[in-house]
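Q: Supplied in structure tokens, the structure appears directly below.
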Amino acid sequence: MKARLLSHEVAPFLGAISLLVLAALGCDAALHWLGITWVGRYLGIPGFMLILASFVYSLRKHQVITVSSPAVLLRWHQRLAWSGALLVLVHAGIHFNTLLGWLAVGAMMVNIVSGLTGKILLRRARVRLETARMQMQANGAELKEIEDELYWDSFTFDAVSQWRAVHRPITLAFMTLALAHIVSILLLWGWK
């Protein structure tokens, strides 16, 4: 069961993070190979814009807007945020020499991890817990026996389901740090 948990829940989670980092390294290497590393300096702008666009899902979820369905917007949220994070990571990897920038990227990565927790781990943990409960019921287990057997799984699921408590404040911290980074760049830019 533990090997299955590792292969079905943890591996996709780590794979998604690894894919993002490897894609950023690949893009960075391609810019260096083509001799156009200066492009990386400007990728933070479209990256941040894509991340901002991903917030349409949050606006819909909190009923600020009523366009589209939440499920469609969730998929767009995930794609836009991933793409924006990729561009920001390429930007950070090439032109990154400020503490504020490092803090913003760190907050962005924690935000990505917390978002993936919701997407992958929570969904799969819910399915796994319900499947185990249904199998035990089908085998004639009593309610007390099911609760005792699945206690730690239920406890873990409840803990993981609190991921929004991390995701929201980290999102706010990332946005604050990113905006502070952008403002400081604009203030210190050589406008001549």
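No value in this document is a laboratory result; all are computed from the given coordinates. The shown structure was predicted, so the numbers you read here are calculated from the model rather than taken from an experiment. Virtual Cβ from ideal backbone geometry, glycine too; neighbours counted across all protein chains shown.
Q: Quickly estimate the mean residue ellipticity at 222 nm for the chain, helices only: each DSSP H run with n ≥ 4 gives -39500 (n - 2.57), and the total goes over all residues, rounded to 500. Before the final figure, lay out the partial values.
A: Details: 11 runs with 150 residues, N = 192.
That comes out to -25000 deg cm²/dmol.
Q: Choose one of 36, 73, 178: the residue whose Cα lies farthest towards the positive end of the charge dipole of the range 2-188 (beta-carbon charges +1 Lys, Arg; -1 Asp, Glu; about the Cα centre).
A: Of the options given, the answer is 36.
Q: If one takes the longest principal axis of the Cα atoms in the chain, at what angle in degrees, from 0 to 90 and to the nearest 10, does the Cα axis of helix 123-138 lie?
A: Approximately 10 degrees, to the nearest 10.
Q: When all alpha-carbon pairs of the chain are counted, what percent fall beyond 32 Å?
A: Working: 5457 of 18336 pairs.
Roughly 30 percent, once rounded to a whole number.
Q: For the chain, with a Gaussian network of springs between Cα atoms less than 10 Å apart, report the residue from 101, 115, 140 with the top mean-square fluctuation.
A: 140
Q: Can you list the residues, at least 5 places off or on another chain, whose amide H is less than 5 Å from the amide H of residue 65, using H built in the peptide plane?
A: Result for residue 65 returns 60.
Q: Right, something else. Can you compute 3J(HN,Hα) from phi for each residue in the range 73-83, using the Karplus curve 6.51 cos²θ - 1.76 cosθ + 1.60 with θ = phi - 60°, rounded to whole Hz and x for Gly and Pro?
A: With coefficients 6.51, -1.76 and 1.60, one gets 5, 4, 4, 5, 4, 5, 5, 5, 5, 5, 5 Hz.
Q: With an 8 Å Cα cut-off and a minimum separation of 6 or more residues, compute the relative contact order for the chain in percent.
A: Numbers: 155 pairs, mean separation 47.3, N = 192.
It comes to 25 percent, rounded to a whole number.
Q: Using per-residue counts of other Cβ atoms within 10 Å, averaged over each peptide, order 121-128, 156-163 from highest down. Walk me through the numbers on the way to the answer.
A: Values: 121-128: 16.1, 156-163: 13.9.
Listed from highest to lowest mean packing, they are 121-128, 156-163.
Q: Add +1 for every Lys or Arg and -1 for every Asp or Glu among the other residues with Cβ under 11 Å from the Cβ of residue 135, and state the total. Intermediate results must be reported in sequence, preceding the final value.
A: Numbers: positive: 128, 133; negative: 130, 149.
My count for the surroundings of residue 135 gives 0.
Q: Between 116, 34, 177, which gets the highest mean-square fluctuation from a Gaussian network model of the chain, Cα cutoff 10 Å?
A: 34
Q: Please find, in a Gaussian network model of the chain (springs between Cα atoms separated by less than 10 Å), the residue of 24, 71, 92 whose mean-square fluctuation is greatest.
A: Largest GNM mean-square fluctuation: 71.
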